[in-house]
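A.B. asks: Below is one structure. I have some questions about it.
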């Protein structure tokens with residue numbers, strides 16, 4: 001069988017490292033519209049749900065009971081279930097319908113009704129719905145900060161950089177469970193060095209997480225996992241009621257609570273009961289609402305490769321984000337676990353949340369390299385910061401981050417590492433050396449860090465967890481060692497725990513510890529000209545990426561000091577001899593002295609003159625003042641040449657071989673990719689022009705085709721052409737130049 005080379009190359013593309021499967025409803029491998037999904041229904045008697053989605057109350061499982069009794073707004077339920085699903089779908093996408101009207105109806109919808117609404121919507125319509133239904137007006141972002149070595153100085157430094165870059169929340173986890181207290185401490189110290197008010201969390205077993213919170217080491221929790229089938233709940237030794245109790249325990253201690261769910265988890269755990277992933281996720285969201293959670297981390301999370309293996313998988317991830325916002329829940333929208341080998345695919349997936357905005361666009365942007373991310377890699381990581389900042393700038397979209405410069409980052413990383421060093425010293429933990437501080441300051445990953453003896457660290461973590469020591473001891477240590485600002489921020493985080501304002505739905509802090517939430521920063525999007533807009537100081541901040549340069553820098557790089565070897569000697573006239581005219585642009589050799597590729601103009605002239613001389617001909621140099629266009633320059637040169645053959649060259653290096661009698665845009669040879677032209681190329685251009693002048697046929701000069709040149713250099717090209725055009729004098733006739741050079745024969 002003949003093999004296609006094109007298909008062989010396509011087979012090596014990153015996208016073909018993925019797994020794609022056909023739907024299989026019985027195994028739960030169907031993202032939506034499983035034949036086993038129930039049809040929506042709801043019947044009330046005496047204010048109690050007696051039938052829901054085709055089941056009688058006597059047949060309810062534990063999740064049905066919980067949703068029926070706690071997850072539905074029964075005051076709106078009958079109206080919501082009677083409203084056609086298509087009508088509600090249109091309300092979601094209609095900018096004229098207030099979000100509160102949609103949210104009221106959604107609060108009374110059963111799981112089957114919710115997915116029936118989504119069935120009518122395409123991706124664009126869901127994005128419009130998400131922009132309206134997001135509960136907090138201002139989008140934000142959450143970071144993952146972990147490292148394989150669990151090195152405290154590196155954790156603190158990375159967390160500080162994350163705070164500086166604008167992350168509103170930072171989440172860590174552990175490779176070894178016993179490290180949890182020290183890792184949580186390092187993240188807290190680091191974030192409050194980066195900026196005050198960053199919320200922190202340590203993802204560990206739920207009871208341990210609560211102990212860390214009671215010591216003041218964390219300020220939010222999002223590891224309260226819920227599932228869409230009863231069997232998975234049972235295997236996890238939990239029920240919806242136990243999750244609700246745990247959430248209340250966190251909230252009573254001033255800890256912001258977020259539940260975790262996501263499409264695909266039930267199929268992954270073998271108990272999907274034939275239902276679609278989206279139907280089961282709708283049940284999870286109703287449980288989260290009924291348990292009193294202010295929000296959810298959803299978007300398939302660590303299961304993402306499972307729905308993505310199926311048709312419509314990325315659409316369904318967007319759908320679950322939209323459903324959560326419809327139910328009035330904060331949405332930390334996934335995009336955390338590595339979603340694809342393909343850079344195109346992972347970015348396309350991100351755009352569904354990035355463009356409309358969610359409360360947290362990532363429920364864990366990996367602020368460390370993927371290999372150090374203990375959560376599962378990260379869809380975007382520390383090596384993508386520049387790309388992400390440019391995406392914000394390209395689209396005028398607030399993705400929750402801001403550009404930073406290297407010196408600020410180094411300073412904040414060093415200070416955070418020194419702060420955790422001081423805390424360790426004061427609390428009697430194993431010392432952090434100055435060598436470790438310097439390594440953490442400049443490190444990219446834990447590969448750059450010296451090894452620590454983990455046994456003493458684990459012993460210190462055990463003592464810390466089992467002692468009465470709280471975060472106040474760390475505050476005192478910081479104050480004692482001169483880290484007053486960090487101590488103040490950490491103490492303020494404790495005060496905010498007592499105040500409890502950040503337990504409001506979708507709450508974050510700004511740099512002044514002012515709470516922004518769905519209560520005081522409510523999303524008021526209602527179409528063009530309304531809602532959150534990236535403008536003013538925030539837009540100026542997003543624009544200032546470190547790579548940005550002044551346009552003058554590009555122009556100045558092409559200007560050197562003229563040597564005086566090119567001298568105007570009078571008006572140019574038509575020649576009578578066997579010659580080639582080299583016609584140059586108005587800025588050549590004076591206002592500009594180098595090509596876009598960095599070649600000195602005089603060297604370029606010498607190369608072309610050498611090529612002409614090697615063919616036994618002479619040349620004249622003419623400067624054209626009335627135009628900066630390459631074709632026009634060459635056309636003038638051909639008219640003045642005794643043989644009718646000329647080379648036209650712009651100051652940036654674009655070149656043409658022209659013949660008298662041809663139209664300006666017709667030519668013998670054109671060399672538009674000036675960045676690829678070398679001195680050897682220019683010499684060959686001179687030889688070919690001389691051969692044409694002698695009436696000979698020539699093989700065209702080979703040139704390198706660089707399809708990336710325009711992408712890299714179009715701005716520079718534009719600026720250099722503008723500079724040359726500034727030298728145009730429309731009434732100035734061509735002048736002849738004398739060039740003092742030595743042929744290289």
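A.B. asks: Checking residue 257 against (1) modelled with pLDDT under 90; (2) closer than 26 Å to residue 214 by Cβ: exactly one of these is not met. Which one?
C.D. replies: Every condition holds for residue 257 apart from (1).
A.B. asks: Something else about it: Could you tell me whether the stretch 537-551 includes any residue that is on the phi > 0 side of the Ramachandran plot, touching a helix residue (DSSP H, G or I) at 6+ places or on another chain (Cβ under 7 Å) and in a loop (DSSP other than H, G, I, E, B)?
C.D. replies: The answer is no, given that none of the residues of the stretch 537-551 is on the phi > 0 side of the Ramachandran plot, touching a helix residue (DSSP H, G or I) at 6+ places or on another chain (Cβ under 7 Å) and in a loop (DSSP other than H, G, I, E, B).
A.B. asks: In the stretch 263-288, which residues are surrounded by fewer than 24 Cβ atoms within 10 Å (Cβ to Cβ) and either within 28 Å of the chain's Cα centre (by Cα) or part of a helix (DSSP H, G or I) (or both)?
C.D. replies: Passing the criteria: only 268.
A.B. asks: Checking the condition touching a helix residue (DSSP H, G or I) at 6+ places or on another chain (Cβ under 8 Å) and crowded, with 23+ Cβ neighbours inside 10 Å, which residue from 416, 431 passes?
C.D. replies: 416
A.B. asks: Right, here's the next one. Only one of 443, 431 is in the same structural domain as residue 146 (by TED's automatic domain parsing) and either over 22 Å from residue 200 (Cβ atoms) or over 30 Å from the mean Cα position of the chain (by Cα) (or both); which?
C.D. replies: Being in the same structural domain as residue 146 (by TED's automatic domain parsing) and either over 22 Å from residue 200 (Cβ atoms) or over 30 Å from the mean Cα position of the chain (by Cα) (or both) holds for just one of 443, 431, which is 431.
A.B. asks: Can you find even one residue in the stretch 227-250 that is outside any helix (DSSP H, G or I), over 23 Å from residue 301 (Cα atoms) and either touching a helix residue (DSSP H, G or I) at 6+ places or on another chain (Cβ under 7 Å) or free of Cβ contacts under 8 Å to residues at least 12 places away in the same chain (or both)?
C.D. replies: No, there is no match, as no residue in the stretch 227-250 is outside any helix (DSSP H, G or I), over 23 Å from residue 301 (Cα atoms) and either touching a helix residue (DSSP H, G or I) at 6+ places or on another chain (Cβ under 7 Å) or free of Cβ contacts under 8 Å to residues at least 12 places away in the same chain (or both).
A.B. asks: Mind checking whether some residue in the stretch 706-726 is surrounded by 16 or more Cβ atoms within 10 Å (Cβ to Cβ) and assigned to a loop (DSSP other than H, G, I, E, B)?
C.D. replies: Within the stretch 706-726, none of the residues are surrounded by 16 or more Cβ atoms within 10 Å (Cβ to Cβ) and assigned to a loop (DSSP other than H, G, I, E, B).
A.B. asks: Any chance the stretch 430-439 includes a residue that's over 21 Å from residue 162 (Cα atoms) and either part of a helix (DSSP H, G or I) or at pLDDT below 95 (or both)?
C.D. replies: yes
A.B. asks: If you go through the stretch 476-483 one residue at a time, do you hit one that is touching a helix residue (DSSP H, G or I) at 6+ places or on another chain (Cβ under 6 Å), assigned by TED's automatic domain parsing to the domain that holds residue 214, closer than 27 Å to residue 411 by Cβ and assigned to a loop (DSSP other than H, G, I, E, B)? Steps first, please.
C.D. replies: Going residue by residue through the stretch 476-483, those that are touching a helix residue (DSSP H, G or I) at 6+ places or on another chain (Cβ under 6 Å) are 477-479, 481, 483.
With assigned by TED's automatic domain parsing to the domain that holds residue 214 added as a condition, the list becomes 477-479, 481, 483.
Pick out the ones that are also closer than 27 Å to residue 411 by Cβ and you get 477-479, 481, 483.
Next, only the ones that are assigned to a loop (DSSP other than H, G, I, E, B) stay: 481, 483.
Yes, because at least one residue in the stretch 476-483 is touching a helix residue (DSSP H, G or I) at 6+ places or on another chain (Cβ under 6 Å), assigned by TED's automatic domain parsing to the domain that holds residue 214, closer than 27 Å to residue 411 by Cβ and assigned to a loop (DSSP other than H, G, I, E, B).
A.B. asks: Same structure, new question: Which strands (runs of 3 or more DSSP E) does the stretch 641-691 wholly contain that include 2 or more residues that are at pLDDT 95 or above and crowded, with 24+ Cβ neighbours inside 10 Å?
C.D. replies: In the stretch 641-691, 645-649, 655-659 are the strands (runs of 3 or more DSSP E) which contain 2 or more residues that are at pLDDT 95 or above and crowded, with 24+ Cβ neighbours inside 10 Å.
A.B. asks: Considering each residue of the stretch 6-30, count those that are closer than 27 Å to residue 262 by Cβ and outside any helix (DSSP H, G or I), and give that number. Walk me through it before giving the result.
C.D. replies: To start, the set of residues in the stretch 6-30 that are closer than 27 Å to residue 262 by Cβ comprises 14-30.
Next cut, outside any helix (DSSP H, G or I) only: 18-24, 28-30.
Going through the stretch 6-30 one residue at a time, the tally reaches 10.
A.B. asks: Kindly indicate the residue of the stretch 305-322 that is within 29 Å of residue 251 (Cα to Cα) and touching a residue at least 60 places away in the same chain (Cβ under 8 Å) and also surrounded by the fewest Cβ atoms within 10 Å (Cβ to Cβ) among those meeting that condition.
C.D. replies: Of everything passing the filter in the stretch 305-322, 318 is surrounded by the fewest Cβ atoms within 10 Å (Cβ to Cβ).
A.B. asks: Just give me the residues in the stretch 374-400 being surrounded by 23 or more Cβ atoms within 10 Å (Cβ to Cβ) and touching a strand residue (DSSP E or B) at 6+ places or on another chain (Cβ under 6 Å), in sequence order.
C.D. replies: 378, 380, 399, 400
A.B. asks: Moving on to the next point. Looking at the stretch 328-355, which of the residues that are crowded, with 24+ Cβ neighbours inside 10 Å and in contact (Cβ under 8 Å) with a residue 60 or more places away in the chain is farthest from residue 377 (Cα to Cα)?
C.D. replies: Among those that are crowded, with 24+ Cβ neighbours inside 10 Å and in contact (Cβ under 8 Å) with a residue 60 or more places away in the chain, it is 329.
A.B. asks: Oh, and also: Just need a number here: residues in the stretch 553-588 that are within 20 Å of residue 657 (Cα to Cα) and surrounded by 14 or more Cβ atoms within 10 Å (Cβ to Cβ).
C.D. replies: The total comes to 13.
A.B. asks: Answer yes if at least one residue in the stretch 502-516 is assigned to a helix (DSSP H, G or I) and buried (at least 16 other Cβ atoms within 10 Å of the Cβ), and no otherwise.
C.D. replies: Yes, that holds for at least one residue.
A.B. asks: Something else: Pick out, from the stretch 165-226, the strands (runs of 3 or more DSSP E) lying fully within it that include 3 or more residues that are at pLDDT 95 or above. Show your work before the answer.
C.D. replies: Values: elements: 169-173, 199-203, 220-225.
The qualifying strands (runs of 3 or more DSSP E) are 169-173, 199-203.
A.B. asks: Looking at 404, 331 in this structure, which one is modelled with pLDDT of 95 or more and assigned to a loop (DSSP other than H, G, I, E, B)?
C.D. replies: 404
A.B. asks: Restricting attention to the stretch 289-308, which residues are under 23 Å from the mean Cα position of the chain (by Cα) and in a loop (DSSP other than H, G, I, E, B)?
C.D. replies: Residues satisfying the conditions are 298, 299, 300, 304.
A.B. asks: With surrounded by fewer than 21 Cβ atoms within 10 Å (Cβ to Cβ), without any contact (Cβ under 8 Å) to a residue 60 or more places away in the chain and in the same structural domain as residue 372 (by TED's automatic domain parsing) as the only criterion, which of 177, 93, 100 stands out?
C.D. replies: Going through 177, 93, 100 in turn, the sole match is 177.
A.B. asks: In addition: Out of the residues in the stretch 589-610 that are in a helix (DSSP H, G or I) and touching a strand residue (DSSP E or B) at 6+ places or on another chain (Cβ under 9 Å), state the one that is surrounded by the fewest Cβ atoms within 10 Å (Cβ to Cβ).
C.D. replies: For the stretch 589-610, the residue satisfying everything is 602.
The values are calculated or read from the model by the stated rules, or taken from the named source; none is laboratory data. Quick caveat: nothing in here was measured; it's all calculated off a predicted structure. With ideal geometry, Cβ positions are generated from the backbone for all residues, glycine too; neighbour counts draw on all protein chains shown.
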